[in-house]
Amino acid sequence: MQPKKNTSRSRKGKRRSHQAITPPHVDYCPKCGAPRKSHYACGRCGYVNPRVSLPVEEES
Ligand SMILES: [Zn+2]
């Protein structure tokens, strides 16, 4: 089946009013200022929130 009526510009616009994409959120490392994803360790200096403990690698 084919559409019986053309979709008007108005209707098309209303339908697409929900399709906008948002840019990814970027945070900046408080230590070195490099952009990094929030809740991720800094790619340049490895800084993480000091209140969050990460498993420490032990040698031996
Ligand atoms: Zn950093």
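The values are calculated or read from the model by the stated rules, or taken from the named source; none is laboratory data. From a predicted model like this one, the values you see are computed outputs, not experimental measurements. Neighbour counts run over all protein chains shown; Cβ positions are idealised from the backbone, glycine included.
Go through the range 34-45 and give me each residue that's farther than 19 Å from Pro23 by Cα and more than 7 Å from the ligand (Cβ to nearest atom). Even if it seems obvious, please write down each step before you answer.
Taking the range 34-45 first, the residues farther than 19 Å from Pro23 by Cα are 41-45.
Result: Ala41, Gly43.
So is Val52 in contact with a Leu (Cβ under 9 Å, 6 or more places away or on another chain), within 16 Å of the ligand (Cβ to nearest atom) and at pLDDT below 85 or not? Quick ask: steps written out before the conclusion?
Values: in contact with a Leu (Cβ under 9 Å, 6 or more places away or on another chain): no; within 16 Å of the ligand (Cβ to nearest atom): yes; at pLDDT below 85: yes.
No; evaluated as a whole, the condition is false for this residue.
Check the range 6-23 and report whether any residue there is within 16 Å of the ligand (Cβ to nearest atom) and either at pLDDT 90 or above or loosely packed, with under 10 Cβ neighbours inside 10 Å (or both). If you could, list the steps in order and put the result at the bottom.
So in the range 6-23, the residues within 16 Å of the ligand (Cβ to nearest atom) come out as none.
Checking the range 6-23: not a single residue is within 16 Å of the ligand (Cβ to nearest atom) and either at pLDDT 90 or above or loosely packed, with under 10 Cβ neighbours inside 10 Å (or both).
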